[in-house]
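*Asks:* What follows is a structure written as structure tokens; I'll ask about it next.
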Amino acid sequence: MSKVCAVSGRGPLSGNRRSHSLRATRHKWNVNLQKVKVVVDGKPQTIRVSARALRTMKKNNQI
């Protein structure tokens, strides 16, 4: 199961973690995915949606 939002397509970001001495080690920030039941084409489906997309969907009354 990939860590990608089904609505917005957001995926994990990568970059460097910086210590106090500014040494760089690779780091990965995953998306905050939530399982949500949504009606798609008249049928309820469980999809994985990012928390930010879920807030937008609730605001626009899509859930």
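The values are calculated or read from the model by the stated rules, or taken from the named source; none is laboratory data. Treat the numbers as computed from the prediction; the structure is a model and nothing was measured. A quick note on method: Cβ atoms are made from the backbone with ideal geometry, for glycine too, and the neighbour counts reach across all protein chains shown.
*Asks:* In this structure, is R52 in contact with a Cys (Cβ under 9 Å, 6 or more places away or on another chain), at negative phi and of a type outside the set (G, A, S)?
*Replies:* Yes, satisfied.
*Asks:* In the range 1-33, which residues are among the hydrophobic types (A, V, I, L, M, F, W, C), under 19 Å from T46 (Cβ atoms) and in contact with a Pro (Cβ under 7 Å, 6 or more places away or on another chain)? Break it down stepwise before answering.
*Replies:* Within the range 1-33, the first condition is being among the hydrophobic types (A, V, I, L, M, F, W, C), and the residues that meet it are 1, 4-7, 13, 22, 24, 29, 31, 33.
Filter once more, keeping what is under 19 Å from T46 (Cβ atoms): 1, 4-7, 31, 33.
Of everything in the range 1-33, just one residue is among the hydrophobic types (A, V, I, L, M, F, W, C), under 19 Å from T46 (Cβ atoms) and in contact with a Pro (Cβ under 7 Å, 6 or more places away or on another chain), namely V31.
*Asks:* So, one more: Run down V36, V31, V40, V49 and say which single residue is exposed (fewer than 11 other Cβ atoms within 10 Å of the Cβ) and either of a type in the set (A, V, I, L, M, F, W, C) or at pLDDT below 95 (or both).
*Replies:* On the way: V36 fails: exposed (fewer than 11 other Cβ atoms within 10 Å of the Cβ); V31 fails: exposed (fewer than 11 other Cβ atoms within 10 Å of the Cβ); V49 fails: exposed (fewer than 11 other Cβ atoms within 10 Å of the Cβ).
Unique residue meeting the criteria: V40.
*Asks:* For S21, state whether it is of a type in the set (S, T, N, Q) and within 12 Å of the chain's Cα centre (by Cα).
*Replies:* Values: of a type in the set (S, T, N, Q): yes; within 12 Å of the chain's Cα centre (by Cα): no.
The answer is no for S21.
*Asks:* I need a count of the residues in the range 5-26 that are small (G, A, S) and more than 30 Å from R55 (Cα to Cα). Break it down stepwise before answering.
*Replies:* First pass over the range 5-26, keeping only residues small (G, A, S): 6, 8-9, 11, 14-15, 19, 21, 24.
Right, trim to more than 30 Å from R55 (Cα to Cα) and you get 19, 21, 24.
The number of residues fulfilling the criteria is 3.
*Asks:* Which ones in the range 10-52 are small (G, A, S) and in contact with a strand residue (DSSP E or B) (Cβ under 9 Å, 6 or more places away or on another chain)? Before the answer, list the steps.
*Replies:* Of all residues in the range 10-52, those small (G, A, S) come to 11, 14-15, 19, 21, 24, 42, 50-51.
Once the filter is applied, which keeps residues that are small (G, A, S) and in contact with a strand residue (DSSP E or B) (Cβ under 9 Å, 6 or more places away or on another chain), the range 10-52 yields S14, G15, S19, A24, S50, A51.
*Asks:* Has the range 52-63 got any residue that is of a type in the set (S, T, N, Q) and exposed (fewer than 10 other Cβ atoms within 10 Å of the Cβ)? Don't jump to the end; show me each part of the working.
*Replies:* We begin by selecting, within the range 52-63, every residue of a type in the set (S, T, N, Q); these are 56, 60-62.
In the following step, the residues that additionally are exposed (fewer than 10 other Cβ atoms within 10 Å of the Cβ) were identified as 60-61.
Within the range 52-63 (the criterion being of a type in the set (S, T, N, Q) and exposed (fewer than 10 other Cβ atoms within 10 Å of the Cβ)), the answer is yes, since at least one residue qualifies.
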